[in-house]
Amino acid sequence: MCPLSPKLDAALAADFQIHRLWEQADAPGYLEQYGQRITGVATAAPTGVMPSIMAALPALQVVSCRGVGLDKIDLEAAQQRGIQVAGTFGTLSDCVADLAFALLLDCARQLSAADRYVRAGKWQQARYPLTTRLSGKRLGIVGLGQIGRMVAKRASGFDMQVAYTNRRRADGVAYRFEPELVELARWSDFLVIAAAGGADTHHLIDARVLEALGPNGYLVNVSRGSVVDEAALLEALLEGRIAGAGLDVFEHEPNIAQAFLSLDNVVLAPHMGSGTVETREAMEDLLLENLRAFFNEGQVRTPAF
Ligand code: 8YV
């Protein structure tokens, strides 16, 4: 469905007859010709499977996705049609949590901005302004799934107080559960979004939540751009109604609102949470294993439902 690594592409080509849809200038025409015979799809989370493509594949039996955020795959339609869907669950939480912490530290200690400062030769003129302490502060986590839990685990090494909000209280953790997102934001010095994307969480972080986070609060997003009302975030950043933000995901990525570029209190990353050599290899191994398991045994290893 989209380019994967050359290694995975070669492995898929060795086991299956593959159609590289992204290479087709006329994808609908191509699917009209070949769609009938396609039984499996390999894709990546940001691409998913467009509903029109899923509809053009009447023989589809399995979708194997590189990633855990399956908001670009219509899981309900898949379930109704008996199509198995697999994500690479369990492969990337630590790396995404690492990036969340990199963004938290960068927001607080302004490493990216300080780097720009040194490179611009400004150090010789004046000392860099003081930054904000991260250790010992209050960390609010929106969504305590696997990634949220990894973020919380890392926070203990920074002596941070942790509270979270979630659809329901999470089992097996001692962190404080706050059912009201606005209250969590009010309490937090740093608010990290680790919730799944999709319709249920669309614009969950709105002007009200940002107002509650307040002028000393920082927002970090490593989940999906759709979870944040970006216009409200930009307004809050421009007007100093929150202190700053660290963003790995955007509403219309890879195109990002130009206004972000001029803000020194925002750290921008190009959706790279799972983007390490080790993790991508583990993700792609599992994508392949899911396809093989389905076609050999009738069941993917790590199903979405
Ligand atoms: C990757 C992701 O960006 O797992 C997800 O939900 O968004 C990411 O891991 C993606 O799979 C890269 O292709």
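The eigenvalues of the Cα gyration tensor, multiplied by 5 and square-rooted, give the chain an equivalent ellipsoid with semi-axes of 38, 21, 18 Å from largest to smallest. LEU21 sits among other residues whose Cβ lies under 13 Å from its own Cβ, and their net charge, with Lys and Arg +1 and Asp and Glu -1, is -3. Each of CYS2, CYS107, CYS95 was scored by other Cβ atoms within 10 Å of its Cβ. Arranged with the fewest first, they read CYS2, CYS95, CYS107. If you line up the long axis of helix 6-15 against the longest principal axis of the chain, both from Cα atoms, how many degrees apart are they, to the nearest 10? Helix 6-15 sits at roughly 30 degrees to that axis.
Only beta bridges with both residues in the chain are counted; by DSSP, about 5 percent of them are antiparallel. Using DSSP to call loops (not H, G, I, E or B), can you name the GluC sites (Glu not before Pro) in the range 237-292 whose Cβ has at most 11 other Cβ atoms within 10 angstrom? Those satisfying the criteria are GLU239. Among HIS252, HIS203, the order by Cβ neighbours within 10 angstrom, fewest to most, reads HIS252, HIS203.
Per-residue ellipticity at 222 nm from helix content only, as computed over the chain with -39500 (n - 2.57) for each DSSP H run of at least four residues, stands at -10500 deg cm²/dmol.
Computed from the Cβ-Cβ distance with R0 of 35 Å, the FRET efficiency linking PHE295 to LYS153 stands at 0.45. A Förster radius of 41 Å combined with the Cβ-Cβ distance from ALA114 to ARG168 puts the calculated FRET efficiency at roughly 0.50. If you plug the beta carbon distance of PHE260 and ALA14 into 1/(1 + (r/R0)^6) with R0 = 41 Å, you get a FRET efficiency near 0.45. Look at THR279, THR132, THR91 and count the other Cβ atoms within 10 Å of each Cβ; fewest to most, that gives THR132, THR279, THR91. Separation of the range 131-168 from the range 247-292 is 21 Å, based on Cα centroids. Summarising the label geometry, the points placed 7 Å from Cα in the beta-carbon direction at THR39 and PHE177 lie 4.4 nm from one another. Counting 0.36 nm for each residue step from HIS202 to ARG127 and taking away their Cα separation leaves a gain of 22.8 nm. Using equal-weight Cα scatterers in the Debye expression, the normalised intensity of the range 93-268 in log10 at q = 0.10, 0.11, 0.19 Å⁻¹ is -0.35, -0.43, -1.27. From most to least packed by mean Cβ count within 10 Å, the peptides 134-142, 178-186 give 134-142, 178-186.
We did not get these values from a lab; they are worked out from the coordinates using the rules stated. Because the structure is predicted, anything quoted here is derived from the model rather than measured. Here Cβ is always computed from backbone atoms with ideal geometry, including for glycine, and neighbour counts include all displayed protein chains.
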